[in-house]
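Throughout, read-outs are computed from the coordinates displayed, never taken from laboratory work. A quick note: this is a predicted structure, and the numbers were derived from the prediction, not measured. When we count neighbours, we look across all protein chains shown, and the Cβ atoms used for this are built from the backbone with ideal geometry, even at glycine.
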Amino acid sequence: MPPARRRGGNTTSARSNQPALSFGTKSRVTKPSAAPSTPFEKAKALEPLASVVPKEDASKDTSEEPEKPHVAELAVRSQAKAEIQQPLSEEDKLAAKVTKKQLQEYWNKEDSKNRGPRVHHENLSLDEKILRHFDLSSQYGPCIGIARLKRWRRAESLDLHPPIEVLSVLLKQQGTTGQRAYIDELLS
């Protein structure tokens, strides 16, 4: 049984200097405010903010400006450039020899592991299907914020044995914008 509640005159509020709150209609607790009372004071308080906010030019059409890439996109592009500039390794030489038929066989083998049809892959090229599958393969590490090629090389250096077919596709697409994982593009 819980202990009985004391209702005597020697309560905490009576012992300290803190006033007791009353929830009746007689008292009302308010906070002192430093808000300006006159319209002139209100306008003067907003002057520093007006200098920070840029004024929009109504005559300027924003649809004509080219869309600037996201900061994450720029970081991934620089990572991909650094990976491409490295000298060719043994894996790169093997990946250059991978044929289109080998890529198709690899994809058919990976696709056969799936229980149902991949409806969202209907309009994608074979290369993009392979890259998206690599993006979602968690055993090679996270795919967010890292270039696909750098992720492949990191997985290889950690002896995770990523598929050589993925490297082949990545080396074929060196100059294109497909350096970021698809999920990374969706999230940013």
Once the Cβ-Cβ distance between A75 and S138 is put in as r, and R0 is 30 Å, what FRET efficiency do you end up with, to the nearest 0.05? 0.90
The range 117-168: translational diffusion in µm²/s, Stokes-Einstein, Kirkwood Rh over Cα pairs, 20 °C, 1.002 mPa s: 184
Do the alpha carbons of any pairs in K129/K172; K101/K172; K100/K150; K109/K172; K150/K172; K100/K129 sit beyond 18 Å of each other, and which pairs? K100/K150; K109/K172
